[in-house]
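Engineer: One structure follows; several queries about it will come next.
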Amino acid sequence: MIRINLLPVKRKKKPKPIPGFVIATVAASILVIIGVIFTYVNLKEEINTLQARKTANERKLQDMKKKLKDLENYETLVKAVERKKSVILQLRKNQGVPVRLMDELSKHLPNGIWLKELKTMGNTVDIEGYAFTNSDVVKYVNRLKKSPLFNSVYLAESKRKDISASGARKEKIPVYNFKIKLGVKV
């Protein structure tokens, strides 16, 4: 027996070839997409790197600001110490001046004169005292003028005054109250 199939047979159609411009367009699109993805990833990494560098630099800047502030504080402390040191050195330098001053004043003091008050202000000295006679005051001033320690000696005042004696008789003693201004050579 022979069988005959009268139904039409479906033939397979040959696929049409894909046009070249479509293949080229798809390939170019894939390459562009890969390029964009690659560029995006690289830029993202570079942005992350730059942000990390920025935060590190900001931390360094803060540290440097702290160190700069510490350095400025140190410099002010050094200046303060230098000022104190110069004051101490100046005091040591002038340490012997009061001793020399007292020695010079007492060395030239004649009999009949006693000192009541001695004030020093910088390089000037004010002396107040009493004398029995005015010639003793003049003698004292002349002696002080010859002293190498003093550069100017000026008798500011000399006036007669009666003071009461301490004792049983309560009598008045005439004395001369004087004030002398001296300039000290340092």
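Engineer: Is at least one residue of the stretch 80-87 among the polar types (S, T, N, Q), more than 19 Å from K185 (Cβ to Cβ) and either in contact (Cβ under 8 Å) with a residue 40 or more places away in the chain or outside the structural domain of P174 (by TED's automatic domain parsing) (or both)?
Structural biologist: Yes, some residue in the stretch 80-87 is among the polar types (S, T, N, Q), more than 19 Å from K185 (Cβ to Cβ) and either in contact (Cβ under 8 Å) with a residue 40 or more places away in the chain or outside the structural domain of P174 (by TED's automatic domain parsing) (or both).
Engineer: Continuing with the same structure: On the given criteria, is R143 surrounded by 15 or more Cβ atoms within 10 Å (Cβ to Cβ) and touching a Leu at 6+ places or on another chain (Cβ under 9 Å)?
Structural biologist: Yes; evaluated as a whole, the condition is true for this residue.
Engineer: In this structure, is N151 under 18 Å from S106 (Cα atoms), under 46 Å from the mean Cα position of the chain (by Cα) and not aliphatic (A, V, I, L, M)?
Structural biologist: Answer is yes for this residue.
Residue-by-condition table, conditions (1) assigned to a helix (DSSP H, G or I); (2) surrounded by 10 or more Cβ atoms within 10 Å (Cβ to Cβ); (3) hydroxyl-bearing (S, T, Y):
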site	(1), (2), (3)
P15	no, no, no
F21	yes, no, no
T25	yes, yes, yes
A28	yes, yes, no
V36	yes, yes, no
K60	yes, yes, no
D63	yes, yes, no
V81	yes, yes, no
K85	yes, yes, no
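The values are calculated or read from the model by the stated rules, or taken from the named source; none is laboratory data. The structure presented is a predicted model; accordingly, all values stated were derived computationally and were not measured. Ideal geometry is used to build each Cβ from the backbone, glycine not excepted, and the neighbour counts take in all protein chains shown.
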